[in-house]
1. Given H placed 1.01 Å from N in the peptide plane, which residues other than close sequence neighbours of B:H137 have an amide H under 5 Å from its amide H?
2. Rounded, prolate or oblate, given the Cα gyration tensor of the range A:39-100, with a/c below 1.5 counting as rounded?
3. Once you order the gyration tensor axes a ≥ b ≥ c over the Cα atoms, which shape class does the range B:7-195 get: rounded for a/c under 1.5, otherwise prolate or oblate by comparing a/b with b/c?
4. Rounded, prolate or oblate for the range A:109-260? Axes are the square roots of the Cα gyration tensor eigenvalues, ordered a ≥ b ≥ c, and the cut-off for rounded is a/c under 1.5.
5. Among the trypsin sites (Lys or Arg not before Pro) in the range A:238-311, which ones are in a DSSP loop with at most 13 other Cβ atoms within 10 Å of the Cβ? Mind listing them?
6. For the range B:123-196, count the residues as N, evaluate 2.2 N^0.38 Å, and divide the Cα radius of gyration by that value, please.
7. Find the relative contact order for chain A and round it to a whole percent, using C-alpha pairs within less than 8 Å whose residues are 6+ positions apart.
8. Calculate the mean, over all residues of peptide B:65-71, of how many other protein chain Cβ atoms lie within 10 angstrom of the residue's Cβ.
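Just so you know, all these numbers are worked out from the coordinates, no wet-lab data involved. Bear in mind that the values here come from a model prediction, so they are computed numbers and not experimental data. FYI the Cβ positions are ideal-geometry reconstructions off the backbone, even for glycines, and counts take in every protein chain you see.
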Amino acid sequence: MTDSTVLASGSVSNGQTESSVGTSRVKRGLAEMLKGGVIMDVVNAEQAKIAEDAGATAVMALERVPADIRAQGGVARMSDPDLIDGIVAAVSIPVMAKARIGHFVEAQVLQALGVDYIDESEVLSPADYVNHIDKWDFTVPFVCGATNLGEALRRITEGAAMIRSKGEAGTGDVSEATKHIRTIKGEIRALSSKSPDELFVAAKELQAPYDLVVEIARTGKLPVVLFTAGGVATPADAALMMQLGADGVFVGSGIFKSGDPAKRAAAIVRATTYFEDPAIIAEASRGLGEAMVGINVADVPAPHRLATRGW
Amino acid sequence: MGGSPRSVGVLALQGDFREHIAVVDGLGSTGIAVRKPEELDRVDGLIIPGGESTVMDKLSRLYGMADAVKAKIADGLPVYGTCAGLIMLADTVLDAITGQQSFGGLDVSVRRNAFGNQLDSFETDLAIPAVGADPLHAVFIRAPIVETVGPKVETLAALDDGRVVAVRQGALLGTSFHPEITGDTRFHRFFLSTLG
């Protein structure tokens, strides 16, 4: 397998009877294995190692954490390949990296660097305000953000193998994350209660393919893993997301913008596994030092909200 | 499958434990998410799911789960590990992170991420006579490989090039791949048939 050339989804010869790489099952399958875990934003190899040692299921490589992108402004892009190589070399857990919305060349570069997952992310500055990346074109799987069910289904239609609710990244305010996971879960429940003849108009209203809408109505869940992101800063925040039905949690600025990243990261991991056990969440919440300072989402003027990027 | 319904614990610290529970339930036994040592006393067998072995290791040592699982393995509890679960059952883990431990029990050495990164994850058909004549469709996701096999370990499946991907030793069963996400329940039925 290691000697095989892998460019797009298809069959390869690795001395094995007909094997396939880059299939939906393989792409969605990695996200299944990340469930119940915490994926942490890191900007360099040192942070990646701290995250791995604290029990992250994967790390997300980016140039600046969302809080800094928000504070410093300017155009946020894919990380320098040297930084990504350093992170890949530093850890044994999966490495994700962010590409700009619609920037399929950044995605090609990230795939060439051998990352395990690409996040087509609203946290970076969009490269295309009309189209997202055609994710079926890639062997590497993609995760995409969504604020509601229709947006999630459009991303899945484009080939996303994992969805994360967006929240409002870089704020430390969990309210938007709560809103988005509740919205997605609520819209799925609403679909499940509809009669078959109502699903045609439901597909129209969701602006999503009818077949996918029917599948959601029948199964009562997305066909891919649903994590949550954006504003999670404490163990209790992570457990809240899990109790609201998330399969796992992304933590961005919340860890490395806090007083004691290693301790906070381990505590959030613990609260994510034992999300139904308040005594353990209490124990995990003790003595963590300063949380990230944070900004109330209500104080962020609409043009500076990241969740509105992507459609 | 004959016999009375069984309670099968699925280690639910992290990973795709819900998929295993669904398969077990679908086969007429009861899958139970297990996160604490006392919950192990209620089960006739244990499944360690796919996920990140580094995370399972850390969390299992926090509240005494690692010692409890090791004691159950020593007592002969049937345990089946898939992917990360196979790593947790291996006596020796290669390419582990510093300080990483496993439960052990299988006299094998297992290499983590042996095929490479996610671009090298794949699915293929495997001949596994122990579970039936038809090939089993197997999904390998950043999968481990069994590199060395002790004298008491039976190899159940290997790739065409000879690399070992399914083993059994006494009551312990391990696979590099994930039968819980393909809909082919033969491996789970095979495991359930070994429960006392």
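1. Residues meeting the amide H criterion: B:L126.
2. Details: a/c = 2.23, a/b = 1.64, b/c = 1.35.
In terms of gyration-tensor shape, prolate.
3. Rounded is the answer for the range B:7-195, as its axis ratio a/c remains below 1.5.
4. oblate
5. Working: sites: A:K257, A:K263, A:R264, A:R270, A:R286, A:R305, A:R309; in loops: A:K257, A:R286, A:R305, A:R309.
Of the trypsin sites (Lys or Arg not before Pro), the ones in loops of the range A:238-311 whose Cβ has at most 13 other Cβ atoms within 10 Å are A:R286.
6. 1.04
7. On the way: 679 pairs, mean separation 56.1, N = 311.
Averaging sequence separation for qualifying contacts and normalising by length gives 18 percent for chain A.
8. 0
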